[in-house]
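So the structure is just underneath, and the comments pick up after that.
Bear in mind these aren't lab numbers, they're just calculated from the coordinates by the rules spelled out. These numbers come from a predicted model, not from an experiment. So basically every Cβ, Gly included, is an ideal-geometry build from the backbone, and we count neighbours across all protein chains shown.
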Amino acid sequence: MLEGLVALKRSLEEQRRHVAIIIGLLGGETTNGEEQMIENLKEELDIEKQKNLKLEMEMEFLKIAISGASAAASFPK
């Protein structure tokens, strides 16, 4: 699961770089096609952020579940 988070983080950083490069190249002047491409990249970035947040929440849940299971196993029966 941690590998998935790392891969998502890399993907997110790559997309962020692409958006920054495009915005820098355009220098504020955009055509409709360019604006659409920027908007699409921003949407993809938001989707990746949401996926990343869900995976982080799942990881925290699993950490809690694992720590609870190990604590329960350490109690004498």
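Structural remarks
- Radius of gyration and Dmax over the Cα atoms of the chain, both given in Å: 19.9, 71
- Rounded to 10°, Cα long-axis angle of helix 32-74 versus longest principal axis of the chain: 10 degrees
- Rg over Rh, two decimals, region 1-40 (C-alpha only, Kirkwood Rh): 1.17
- Under-24-angstrom lysine pairs by C-alpha in the chain, whenever the two are 8 or more apart or on separate chains: 11
- Put a plus charge on the Cβ of each Lys and Arg, a minus charge on the Cβ of each Asp and Glu, and nothing anywhere else: the dipole of region 1-40 about its Cα centre is then about 240 debye.
- Projecting the Cα atoms of ILE22, SER11, ALA71 onto the dipole axis of the chain, where Lys and Arg carry +1 and Asp and Glu carry -1 at the beta carbon, places ALA71 farthest toward the positive end.
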